Every structure is written in structure tokens, then in C-alpha cells.
Amino acid sequence: MPTPHPDYVFAPAPQPFLTIFGSEQLFPLRRVFCVGRNYAAHAREMGADPSREPPFFFCKPTDGVVPALRTGATVIAYPPQTNDLHHEVEMVVAIGKAGAAIESTQALNHVWGYGLGLDLTRRDIQAGLKAKGHPWEMGKAFDQCAPVSALTPVSTAGHPARGVLRLEVNGIVRQEGDLADMIWSVAETIAHLSRYVALAPGDLIFTGTPEGVGPIVRGDELRGSLAGLAPLHVRIA
Ligand code: MN
């Protein structure tokens, strides 16, 4: 552990991290980017036109990421100021190599691994802000807003481009979509995002959610899956 700089007025916050499937090592986090509406059917269910307009991005706070434990469910407290907390299961890209204005043909070389995450959303707050033309921030960026599975490194997972991304709530399938139906591929997403910000190791990209988003309540048990990646298991307390 590095020694804190002696001039800090208080101890710096702990470094957020993700666990790694099959390893004791940890993946230190830097920033969290999310793609909006990357599956046509979800764009339609949110009242948007799923035409292939350039992807748009928003951020979640890095300390809102909750890493998967080695075993058992990740427990998330139901957040304040909402009566309509929604699940959005997403494949998460973990960046391992810095780059700006990355060509899509080179983009996958910047990926360290992949995980599954929930872009938890206070939908009632988001809808209210959207209606006023205000930033979504308080609908998307809050404490414990982003539980993420253990990461599976590219050396094991390869680069998943198809396969069923699924979310079950209390054993019932709520969301199901194929990665092949993403409007923007992982490589294209990295290429677009890196034109706006320089990506660096530790950055995460949530790649968008398939259709079927909906409310969750205290006591719900959520299980996300995609063949080849470590599963996601979250309980709402
Ligand atoms: Mn999302």
C-alpha cells in the first residue's frame, strides 16, 4: 500500500476496485462511462428512436461501483429518493491500455477484460429530469449505483461479440438480448468515446442494456449471465 501524502487534511478515500474471476488480484478503477440506448428494442421501450445516431455517454461515480464478493450475493441498499428503482443489466468493458482517438480496428487491444454490471437507475428521478431537459445525474449517479461481477480477462473470455445477455429477478427472466444486437459494437464504442476523452487503465464502459428494464424492490435477488463471463449476483436490501 502506498503511504498517504502527509499533507492531505484527511486520509484519502479507499481506491475502488473490481475482483477478478479465478485470481486473487484486484482491478483498480478509474472512471465509469455508460452508453445510452445501445439496443434498439430498449431504445423503443424508453420512447426513443433507435436509428443509428452516434452513441451518447454518461458517467457514474467510481465509488458507486460495488465489486462482487468471492462468493454469495453483492448486497445493495435500496437507494433514497426513489420509488422506482430499475435494473439495467449490461456487459461491462474494462480498459487496460491508455489511448485517445483510438481507431475501431485497434480498439479491442485496449480491453483488459469483461464483466456484467447493473446500471441501477432511479427511473422516476430520471424521467422528471428528462422532462425538464436537466442532466440525468441524480437518476443515474448515486451511492451503490453500479454493482459489477468479477472481471474475466480477455485471455479467458476473448472478446464476446454475440451470446445471450440475461437478467433474472427472483428466478424469472426479465431481460434478454443478444450482444450481436448492440447498435454500437464494443470496438465502435471505444473508438467514439476515446474521441471525447483519453481512456486509461481502470476505466469501465457499461455497454447498454437490452429490453425488459423494470422495477426492483427490497428483497429481490438478481442474477445476470452471459456465456463465458463470471455471473452477476445481487440482492437488494
Ligand atoms: Mn444503461
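Among the residues of region 220-237, which ones are farther than 20 Å from ALA77 by Cβ and either free of Cβ contacts under 8 Å to residues at least 12 places away in the same chain or assigned to a strand (DSSP E or B) (or both)?
Answer for region 220-237, where residues must be farther than 20 Å from ALA77 by Cβ and either free of Cβ contacts under 8 Å to residues at least 12 places away in the same chain or assigned to a strand (DSSP E or B) (or both): just SER225.
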Would you mind stating whether ALA73 is in contact (Cβ under 8 Å) with a residue 24 or more places away in the chain, small (Gly, Ala, Ser) and within 18 Å of PHE206 (Cβ to Cβ)?
-> no
Leading residue by the ranking (nearest to the ligand (Cβ to nearest atom)) among those in region 130-168 that are of a type in the set (Asp, Glu) and under 18 Å from THR62 (Cβ atoms) = GLU137
In region 198-219, the residues that are in a loop (DSSP other than H, G, I, E, B), open to solvent by 10 Å² or more (accessible area, probe 1.4 Å) and either at pLDDT below 95 or within 16 Å of the ligand (Cβ to nearest atom) (or both) | GLU211, GLY212, VAL213
In the set THR62, THR121, THR74, THR105, the lone residue that is within 16 Å of the ligand (Cβ to nearest atom) and among the polar types (S, T, N, Q) is THR121
Any residue at all in region 41-56 that is buried (at least 18 other Cβ atoms within 10 Å of the Cβ) and either away from the ligand (no atom under 15 Å from the Cβ) or in a helix (DSSP H, G or I) (or both)?
-> yes
Go through region 169-197 and give me each residue that's among the polar types (S, T, N, Q) and either without any contact (Cβ under 8 Å) to a residue 40 or more places away in the chain or surrounded by fewer than 21 Cβ atoms within 10 Å (Cβ to Cβ) (or both).
-> ASN170, SER185
Residues in region 108-118 that are open to solvent by 60 Å² or more (accessible area, probe 1.4 Å) and within 15 Å of the ligand (Cβ to nearest atom) total 0
Sole residue being touching a strand residue (DSSP E or B) at 6+ places or on another chain (Cβ under 9 Å), of a type outside the set (Phe, Trp, Tyr) and either within 19 Å of ARG174 (Cβ to Cβ) or surrounded by 16 or more Cβ atoms within 10 Å (Cβ to Cβ) (or both), chosen from VAL75, VAL35 = VAL35
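Among the residues of region 198-215, are any aliphatic (A, V, I, L, M) and farther than 23 Å from HIS110 by Cα?
There is at least one residue in region 198-215 that is aliphatic (A, V, I, L, M) and farther than 23 Å from HIS110 by Cα.
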Restrict the check to region 151-160 and report whether at least one residue is touching a strand residue (DSSP E or B) at 6+ places or on another chain (Cβ under 9 Å), among the hydroxyl-bearing types (Ser, Thr, Tyr) and open to solvent by 10 Å² or more (accessible area, probe 1.4 Å).
-> yes
Is it true that ARG70 is modelled with pLDDT under 95 and surrounded by 19 or more Cβ atoms within 10 Å (Cβ to Cβ)?
-> no
Name, by its number, the condition in (1) open to solvent by 10 Å² or more (accessible area, probe 1.4 Å); (2) within 16 Å of the ligand (Cβ to nearest atom); (3) under 25 Å from ARG195 (Cα atoms) that does not hold for ALA127.
-> (3)
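The values are calculated or read from the model by the stated rules, or taken from the named source; none is laboratory data. Quick caveat: nothing in here was measured; it's all calculated off a predicted structure. Cβ sites come from the backbone with ideal geometry, for glycine too, and all protein chains shown count toward neighbours. Surface accessibility is based on the protein's heavy atoms, side chains included, excluding ligands, DNA and RNA. Shrake-Rupley method; radii C 1.70, N 1.55, O 1.52, S 1.80 Å.
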